[in-house]
1. Given the conditions (1) under 29 Å from A:Thr151 (Cα atoms); (2) out of contact with any helix residue (DSSP H, G or I) (no Cβ under 7 Å at 6 or more places or on another chain), and given that A:Pro98 satisfies all but one, which numbered condition is not satisfied?
2. Are any residues in segment A:52-64 within 16 Å of DNA strand C (Cβ to nearest atom) and within 16 Å of the chain's Cα centre (by Cα), and if so, which ones?
3. Taking segment A:109-127 as the region of interest, how many residues are assigned to a loop (DSSP other than H, G, I, E, B), out of contact with any strand residue (DSSP E or B) (no Cβ under 8 Å at 6 or more places or on another chain) and either under 15 Å from A:Ser182 (Cβ atoms) or of a type in the set (A, V, I, L, M) (or both)?
4. Kindly list, by first and then second residue, each pair from a residue in segment A:29-58 that is over 30 Å from A:Ile102 (Cβ atoms) to a residue that is among the hydrophobic types (A, V, I, L, M, F, W, C) and surrounded by fewer than 24 Cβ atoms within 10 Å (Cβ to Cβ), limited to pairs with Cβ atoms under 7 Å and residues at least 6 apart or on different chains.
5. Does segment A:10-45 hold any residues that are within 16 Å of DNA strand C (Cβ to nearest atom) and within 14 Å of the chain's Cα centre (by Cα), and which are they?
6. Which count do you get for residues in segment A:149-169 that are within 15 Å of DNA strand B (Cβ to nearest atom) and either touching a helix residue (DSSP H, G or I) at 6+ places or on another chain (Cβ under 8 Å) or not charged (D, E, K, R) (or both)?
7. Residues A:Gly101, A:Gly110, A:Gly88, A:Gly73: which one is over 20 Å from A:Val34 (Cα atoms), buried (at least 22 other Cβ atoms within 10 Å of the Cβ) and not basic (Lys, Arg)?
8. Look at segment A:78-106 and say how many of its residues are touching a strand residue (DSSP E or B) at 6+ places or on another chain (Cβ under 6 Å), within 16 Å of DNA strand C (Cβ to nearest atom) and of a type outside the set (A, V, I, L, M).
Amino acid sequence: MTPDLSNCVEAARALLGWKLVHETAQGKTSGYIVETEAYDMSEPASHSYGGQRLRNAPMYQEKGTIYVYFTYGMHYCMNIVTGPKGHGQAVLIRALQPVEGIELMKQRRGLVSEKNIANGPAKLTQALGIDRSQNNTHLQGGALYLEPGITPQGIVQTTRIGISKAVGHPWRFYIAGSDYISRR
DNA sequence: AGAGCGATGGCCT
DNA sequence: GGCCATCGCTCTA
């Protein structure tokens, strides 16, 4: 069960409130998606810009494919692929509100505050135990999947964070008033 | 074959 | 607010 993933910008909005779940040998962890960003092959901030290559190939797969990339020599970030096969687009999951397996997530993150468990794209992959082995897998039928969660009472749309190109696109979304987003 | 740099986070001041 | 860790992908030669 997934929201409509036919377009990255609409999907980024629609994914807010859904519960992202990961089941591992250590246990089950999950959180409500509270912050997202859309990326599309038409703009240079996207990994899919400039055509398909080995690294970005998952972005060109079927909607619901998972794209995990490694950056800054130490961080993993996770995206949910959207659009038809052959169109390089995806939604970056930027923050979660912890729900299940909070103790395990704290253990993985090595800290105490619940607000800091998953309030950033690389923090949430560490908390849920996501790495390269989930890259190019699919939300359907895997250990990493979506479940219905909460209905956001308000959604804020603004510009994306941490990029230097195509900075004007208002393709970042977060749940209004959430204490678990990376920044306002 | 090799240099440059990034959709970041943590720790320091 | 600023700096640094750390590595693999991409581009150029």
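Just so it is clear, none of the values below were taken in a lab; they were calculated from the coordinates. Computed from a prediction, not measured in an experiment: that's the story for all the values here. Ideal geometry is used to build each Cβ from the backbone, glycine not excepted, and the neighbour counts take in all protein chains shown.
1. All conditions are met except number (2).
2. A:Asn56, A:Pro58, A:Met59
3. 3
4. Matching pairs, first to second residue: A:Glu43/A:Ala166; A:Pro44/A:Ala166; A:Ala45/A:Ile163; A:Ala45/A:Ala166; A:Ser48/A:Met41; A:Tyr49/A:Met41.
5. Of everything in segment A:10-45, just one residue is within 16 Å of DNA strand C (Cβ to nearest atom) and within 14 Å of the chain's Cα centre (by Cα), namely A:Tyr39.
6. 10
7. After ruling out the rest, the residue left standing is A:Gly88.
8. 2
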